[in-house]
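For reference, the structure is listed below as C-alpha cells.
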Amino acid sequence: VTVIDNLPPTFTSCPPNEELYTDAGVCYAQYDPVEPNVTDNCILLLSLTWSMSGATTGSGINAIGSTEFNKGITVITYTATDPGGNSATCTFSITVIDAEDPIIAGPYDYYKPNDPGICSATITTMDPVLSDNCGLSGLTLTWTMTGATVDNGTGPIGTYTFNLGITHVVYTVTDEE
C-alpha cells in the first residue's frame, strides 16, 4: 500500500506588510518580522525557508529574526515544504523610508569691496558641506539669491559676480525621500 500526500501545507497567517523609518544616523531599520504560522495535514516535520529580494537580499531557514533592512522595499517569501514534496508560499514586504533630513553647513558670510571701476564684485564662494544618513548620492543642492543680486540655480555657486549691496543666498539640500 502506498500513501501519497498530495495536500500542500497551509499558511494560517503570513506576516503583514510593514512600513518602517530608518534608525537614527543610518540608512536601514533594524526589525524582527512576525513569524508566519503554517500547518500541514501530516504531522511530520515541515521545511520552512525564506528569501529576500529588493533593497535587502538573503535567504535562510526557519524564521528570519532581527535583520537590518535597507532603505527601500524588500520582498520576503516564506516557503513551507512537507515531506511529500508539496509546498506553499507566503509573501510580504518591508518598506524602509528615510526619515532623516540631510544636513548642510556653510559657507559663511563674505565681505568684499567692489571690483575696480565697476559696481560689482566677482567672488569665488566656498561649497557648502553636505551630509546625509544615506550617503551623498541622490542629494540635490539648490540655491536662491535675493537682494542686490537675484538668481537661482543648482549645485554649488562657485565663482559669481555679485551686484553692489547685500545679497542673501539660501542653499537647500534635499534627499530622495
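The values are calculated or read from the model by the stated rules, or taken from the named source; none is laboratory data. Quick caveat: nothing in here was measured; it's all calculated off a predicted structure. Cβ: placed from backbone, ideal geometry, glycine included. Neighbour counts: every protein chain shown. Keep in mind that these areas ignore ligands, DNA and RNA; they rest on the heavy atoms of the full protein, side chains included. Shrake-Rupley method; radii C 1.70, N 1.55, O 1.52, S 1.80 Å.
Looking at the stretch 115-137, which of its residues are under 30 Å from C27 (Cα atoms) and touching a Ser or Thr at 6+ places or on another chain (Cβ under 9 Å)?
Here is the first cut: in the stretch 115-137, the ones under 30 Å from C27 (Cα atoms) are 126-137.
Answer for the stretch 115-137, where residues must be under 30 Å from C27 (Cα atoms) and touching a Ser or Thr at 6+ places or on another chain (Cβ under 9 Å): N133, C134.
Would you mention how many residues in the stretch 27-56 are within 30 Å of I103 (Cα to Cα) and either open to solvent by less than 40 Å² (accessible area, probe 1.4 Å) or over 20 Å from the mean Cα position of the chain (by Cα) (or both)? Before the answer, list the steps.
Of all residues in the stretch 27-56, those within 30 Å of I103 (Cα to Cα) come to 27-32, 54-56.
Filter again for either open to solvent by less than 40 Å² (accessible area, probe 1.4 Å) or over 20 Å from the mean Cα position of the chain (by Cα) (or both), leaving 27, 29, 55-56.
Counting residues in the stretch 27-56 that are within 30 Å of I103 (Cα to Cα) and either open to solvent by less than 40 Å² (accessible area, probe 1.4 Å) or over 20 Å from the mean Cα position of the chain (by Cα) (or both) gives 4.
Hey, does the stretch 76-95 have a residue that's touching a strand residue (DSSP E or B) at 6+ places or on another chain (Cβ under 7 Å), in contact (Cβ under 8 Å) with a residue 24 or more places away in the chain and assigned to a loop (DSSP other than H, G, I, E, B)?
Within the stretch 76-95 (the criterion being touching a strand residue (DSSP E or B) at 6+ places or on another chain (Cβ under 7 Å), in contact (Cβ under 8 Å) with a residue 24 or more places away in the chain and assigned to a loop (DSSP other than H, G, I, E, B)), the answer is no, since none of the residues qualifies.
Among the residues of the stretch 92-135, count how many are loosely packed, with under 13 Cβ neighbours inside 10 Å and farther than 25 Å from Y171 by Cβ.
4
Identify, please: which residue in the stretch 139-163 is open to solvent by 30 Å² or more (accessible area, probe 1.4 Å) and under 26 Å from the mean Cα position of the chain (by Cα) and is, among those, nearest to E100 (Cα to Cα)? Show your work before the answer.
Residues of the stretch 139-163 that are open to solvent by 30 Å² or more (accessible area, probe 1.4 Å), as a first pass: 139-140, 142, 144, 146-148, 150-152, 154, 156, 159-161, 163.
Right, trim to under 26 Å from the mean Cα position of the chain (by Cα) and you get 139-140, 142, 154, 156.
On the way: L139: 13, T140: 15, T142: 19, T154: 22, P156: 22 Å.
Out of the qualifying residues, it is L139.
Is it true that I104 is in contact (Cβ under 8 Å) with a residue 40 or more places away in the chain and closer than 29 Å to S13 by Cα? So that I can check it myself, show each step before the final result.
Working: in contact (Cβ under 8 Å) with a residue 40 or more places away in the chain: yes; closer than 29 Å to S13 by Cα: no.
For I104, the condition - in contact (Cβ under 8 Å) with a residue 40 or more places away in the chain and closer than 29 Å to S13 by Cα - is not met.
Is it fair to say T167 is surrounded by fewer than 16 Cβ atoms within 10 Å (Cβ to Cβ), β-branched (V, I, T) and either within 29 Å of Y28 (Cβ to Cβ) or touching a strand residue (DSSP E or B) at 6+ places or on another chain (Cβ under 7 Å) (or both)? Steps first, answer last, please.
On the way: surrounded by fewer than 16 Cβ atoms within 10 Å (Cβ to Cβ): no; β-branched (V, I, T): yes; either within 29 Å of Y28 (Cβ to Cβ) or touching a strand residue (DSSP E or B) at 6+ places or on another chain (Cβ under 7 Å) (or both): yes.
Spelling it out, it is not the case that T167 is surrounded by fewer than 16 Cβ atoms within 10 Å (Cβ to Cβ), β-branched (V, I, T) and either within 29 Å of Y28 (Cβ to Cβ) or touching a strand residue (DSSP E or B) at 6+ places or on another chain (Cβ under 7 Å) (or both).
What number goes with the only condition from (1) within 15 Å of the chain's Cα centre (by Cα); (2) touching a residue at least 40 places away in the same chain (Cβ under 8 Å) that S131 does not pass?
Of the numbered conditions (1) within 15 Å of the chain's Cα centre (by Cα); (2) touching a residue at least 40 places away in the same chain (Cβ under 8 Å), the odd one out for S131 is (2).
Looking at the stretch 63-75, which of the residues that are of a type in the set (S, T, N, Q) and in a strand (DSSP E or B) is farthest from Y28 (Cα to Cα)?
T74
If a residue has to be touching a Pro at 6+ places or on another chain (Cβ under 9 Å), part of a strand (DSSP E or B) and of a type outside the set (F, W, Y) to count, how many in the stretch 144-177 make the cut?
Total satisfying the criteria: 3.
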